[in-house]
Amino acid sequence: MKKTIAIPAAFITGTVAGSTLGILFAPHKGKITRNKIKNQMEKEKEKVEENILKLEEQLLKAKRSASEKALSLREEKFKNTE
């Protein structure tokens, strides 16, 4: 589970660092640079939203799997007590 959280955190950190360096070393006028940053941030936002949806799907699958396993164990325990 830690790896699942670390990947989006690294992604966000990289995005912020990249944007900061882009601003510092930008060869264009401020308005052009701001538009480029805005467009890039919109793309990154879409990627983050996609990753969140994937993470939600993974969590739902894990929850379903855990519920099924718990039910299976309960049924097995019930059979053993008969």
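On the beta carbon distance between Ala17 and Leu60, with R0 = 41 Å, the FRET formula returns roughly 0.80. Each of Phe25, Phe11, Phe78 has its accessible area taken with a 1.4 Å probe; listed largest first, they run Phe25, Phe78, Phe11. In loop segments of region 13-79 as defined by DSSP, the trypsin sites (Lys or Arg not before Pro) with at most 16 further C-beta atoms inside 10 Å of their C-beta are Lys29. If you take the beta carbon distance between Lys45 and Lys79 as r and set R0 to 30 Å, what does 1/(1 + (r/R0)^6) give as a FRET efficiency, to the nearest 0.05? Approximately 0.05, to the nearest 0.05. Over all pairs of different C-alpha atoms in the chain, the reciprocal of the mean inverse distance, the Kirkwood hydrodynamic radius, equals 16.3 Å.
The values are calculated or read from the model by the stated rules, or taken from the named source; none is laboratory data. These figures come from a predicted structure and were not determined experimentally. Note: ideal-geometry Cβ built from the backbone for every residue, glycine included; neighbour counts use all protein chains shown. The protein model used for the area step is the full one, side chains on, heavy atoms only, and it has no ligands, DNA or RNA in it. Shrake-Rupley method; radii C 1.70, N 1.55, O 1.52, S 1.80 Å.
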